[in-house]
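Peer 1: A single structure is presented below for examination.
Every read-out reported here was derived from the displayed coordinates using simple, explicitly stated rules and does not represent laboratory data. Computed from a prediction, not measured in an experiment: that's the story for all the values here. Here Cβ is always computed from backbone atoms with ideal geometry, including for glycine, and neighbour counts include all displayed protein chains.
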Amino acid sequence: MMIVGTTRRTLLSAIKDPANRKAWDEFYKIYSGYIRCIALGSGLRPDEADDVTSIVFTGISQGELPYDPDRGKFRSLLKTFVRRRAIDMLRKRRPHEERKIHRSPDDTGSTGTMTRIRDERTPHDVKLAKQEWDEMVRQMALSAVQLRAEPKQYQIYSEHVRREKSVAEIVAKLRVTPNQVYLAKRRVGLIYAEEFKAAAYRLEHPVLPKPEKPNERK
């Protein structure tokens, strides 16, 4: 079994340029949860999903995922890339375990009809993948909000909106007035709305770090 932390260290150790290594580290921290979620939703066991996460990031770091924002969303391209690696992993199982693999005419790739993985969990796993992506957007937006909002107002907003504390509880805990709570909710809420939209766009239109071919490594 390859744990996610090991996957990250293995990927970064292969990146020669320190500046590029930092970019890949950030890329990994953002997308690894979503990639693993797609792998698990494709019918893989947790240890297999960890291995596929490693394979996917290694492939991307070597330029195997050409991305053109004019040709579609990055999320769709990434999901297809992950699922193909998941299929390869499933094919390594014993034949009687390959019952989850089917052909589907509506799943196509550059090389023709793509093998699609289906099982009874698919609707649930699609929902989980969407939740994982939405959480990525929220976390990126909140990080940006913290840099823009006044600290006290962000604390009030976090207590009221994220932790769902009542106005009375916040007034007692933070020693502020009810009006300060309402004002913070409004002001920080406006910033959050802006940053959420910006984060959603950035995640769907990323600037991929520079790929490194195998012969460029140490």
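Peer 1: Under a no-solvent Debye model with one identical scatterer per Cα of region 127-204, what's log10 I(q)/I(0) at q = 0.11, 0.19 Å⁻¹?
Peer 2: Taken in order of the listed q values, log10 I(q)/I(0) reads -0.31, -0.77.
Peer 1: Taking Cα centroids, how far is region 166-203 from region 60-96 in Å?
Peer 2: The two parts, judged by their Cα centres, are 38 Å apart.
Peer 1: Where the centre of each part is set by its Cα atoms, how far does region 31-57 sit from region 126-162, in angstrom?
Peer 2: Spelled out, the Cα-based centre of one part sits 25 Å from the other.
Peer 1: Total Lys pairs in region 147-217 closer than 23 Å by alpha-carbon, pairs eight or more apart in sequence or interchain only? Numbers along the way, then the final one.
Peer 2: On the way: LYS152/LYS165; LYS152/LYS173; LYS152/LYS185; LYS165/LYS173; LYS165/LYS185; LYS173/LYS185; LYS185/LYS197.
Lysine pairs meeting both conditions in region 147-217 amount to 7.
Peer 1: Same structure again: Would you mind checking LYS29/LYS127; LYS79/LYS127; LYS22/LYS79; LYS92/LYS127; LYS79/LYS130 for any pair whose Cα atoms are more than 19 angstrom apart? Write down the numbers at each step before the final one.
Peer 2: Working: LYS29/LYS127 21 Å; LYS79/LYS127 14 Å; LYS22/LYS79 24 Å; LYS92/LYS127 27 Å; LYS79/LYS130 11 Å.
Flagged as over cut-off: LYS29/LYS127; LYS22/LYS79; LYS92/LYS127.
Peer 1: Mind listing the phi-derived Karplus ³J(HN,Hα) values for region 135-140, rounded to whole Hz, using 6.51, -1.76 and 1.60 with θ = phi - 60°, and x for any glycine or proline?
Peer 2: So the Karplus estimates, Gly and Pro as x, are 5, 4, 5, 4, 5, 5 Hz.
Peer 1: Among LEU174, ILE156, HIS205, whose Cα projects farthest towards the positive end of the dipole of region 147-208, with charges put on the beta-carbon of Lys, Arg (+1) and Asp, Glu (-1)?
Peer 2: The residue sitting farthest along the positive end of the dipole is LEU174.
Peer 1: When the Karplus curve 6.51 cos²θ - 1.76 cosθ + 1.60 is applied with θ = phi - 60°, which whole-Hz ³J(HN,Hα) does each residue of region 26-38 get, with x for Gly and Pro?
Peer 2: For region 26-38, the Karplus curve yields 5, 4, 5, 4, 6, 9, 4, x, 5, 4, 5, 5, 5 Hz.
Peer 1: For region 65-74, take each phi angle, set θ = phi - 60°, evaluate the Karplus expression 6.51 cos²θ - 1.76 cosθ + 1.60, and give the result in whole Hz per residue in order, putting x for glycine and proline.
Peer 2: Working through the residues one at a time gives 10, x, 10, 10, x, 7, 10, x, 6, 5 Hz.
Peer 1: If you don't mind, another one. Tell me which residues come under 5 Å, amide H to amide H, from LEU65 once H is placed; ignore anything under 5 positions away on its chain.
Peer 2: none
Peer 1: Please compute the contact order of region 127-204 in relative form: average sequence separation of alpha-carbon pairs under 8 Å and at least six residues apart, divided by the residue count, as a percent. Spell out each step's value before the answer.
Peer 2: Values: 58 pairs, mean separation 33.2, N = 78.
Averaging sequence separation for qualifying contacts and normalising by length gives 43 percent for region 127-204.
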